[in-house]
1. For region 230-245, check the following and say yes or no: at least one residue is under 20 Å from residue 100 (Cβ atoms) and touching a residue at least 60 places away in the same chain (Cβ under 8 Å).
2. So which residues in region 27-40 are within 18 Å of residue 70 (Cα to Cα) and surrounded by 17 or more Cβ atoms within 10 Å (Cβ to Cβ)?
3. Closer than 25 Å to residue 10 by Cβ and surrounded by fewer than 17 Cβ atoms within 10 Å (Cβ to Cβ): is that true of residue 78 in this structure?
4. Answer yes or no: is there a residue in region 116-131 that is crowded, with 18+ Cβ neighbours inside 10 Å and at pLDDT 90 or above.
5. Restricting to region 214-229, and then to whatever is touching a helix residue (DSSP H, G or I) at 6+ places or on another chain (Cβ under 8 Å) and not in a loop (DSSP other than H, G, I, E, B), can you tell me which residue is surrounded by the fewest Cβ atoms within 10 Å (Cβ to Cβ)?
6. I need the full set of residues from region 192-213 which are in a strand (DSSP E or B) and touching a helix residue (DSSP H, G or I) at 6+ places or on another chain (Cβ under 6 Å), in order please.
7. For region 145-153, indicate whether the set of residues that are in contact (Cβ under 8 Å) with a residue 60 or more places away in the chain, surrounded by fewer than 18 Cβ atoms within 10 Å (Cβ to Cβ) and either over 18 Å from the mean Cα position of the chain (by Cα) or not in a loop (DSSP other than H, G, I, E, B) (or both) is non-empty.
8. Considering only residues of region 50-64 that are touching a strand residue (DSSP E or B) at 6+ places or on another chain (Cβ under 6 Å) and buried (at least 24 other Cβ atoms within 10 Å of the Cβ), which is nearest to residue 139 (Cα to Cα)?
């Protein structure tokens, strides 16, 4: 199970614990400040502690990382489950920040603007990064019934370095093009109230993947396992996907 951020290791703790009754779960805490380094760390974890081929379940940035890993090491990936992935082509994100802004108060928006500048300049402290994550989590959610447990520790420098690199490969079309190298089935699970648009995942991936399924969750934002109206359905879908590989 691959966490988001990048730079938020441990943020998949809750679904990892819940799924551990069905299968052995690895949740690597990846903190290398480059995509290549994160791929290497994931490879090392799987080869040392796993039994490949494995099911890769990635949330947000982790979905992209799973996608890239399966393209680079197709023999090691049994299935991909992409949860709340970011758009695979940049043009779908035109309204992302507007949607987020509309879900925050004026005071929260002012705070988010300041913190965003610090994050983008690479000078945000751990507490700055944590607070910015809290605000974006609120903006990305529909109706959560639990307080976000979040990452074990935030790494602003990892976020800044890896996200900058990831945006470049998306803009150049290299991220989506990697899909042609993926040999395993790919399942995308996406909340329909996630500011990250579902069409930015479904439409591009249908063009490049041989075996692709898309599942929409109604009344659901970016964190399905925390959403009051969607979390039961979310775990049912995951259980079904695990069952397909039994």
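The values are calculated or read from the model by the stated rules, or taken from the named source; none is laboratory data. The model shown is predicted, which means the values in this text are computed figures rather than measured ones. A quick note on method: Cβ atoms are made from the backbone with ideal geometry, for glycine too, and the neighbour counts reach across all protein chains shown.
1. Going through region 230-245, the residues under 20 Å from residue 100 (Cβ atoms) turn out to be 230.
Right, trim to touching a residue at least 60 places away in the same chain (Cβ under 8 Å) and you get 230.
Yes.
2. Hits for region 27-40 are 27, 28, 30, 35, 38, 39.
3. Working: closer than 25 Å to residue 10 by Cβ: yes; surrounded by fewer than 17 Cβ atoms within 10 Å (Cβ to Cβ): yes.
Here the answer is yes, as residue 78 does meet what is asked.
4. no
5. 215
6. Scanning region 192-213 gives a single hit, 212.
7. Yes, because at least one residue in region 145-153 is in contact (Cβ under 8 Å) with a residue 60 or more places away in the chain, surrounded by fewer than 18 Cβ atoms within 10 Å (Cβ to Cβ) and either over 18 Å from the mean Cα position of the chain (by Cα) or not in a loop (DSSP other than H, G, I, E, B) (or both).
8. Among them, the one singled out is 59.
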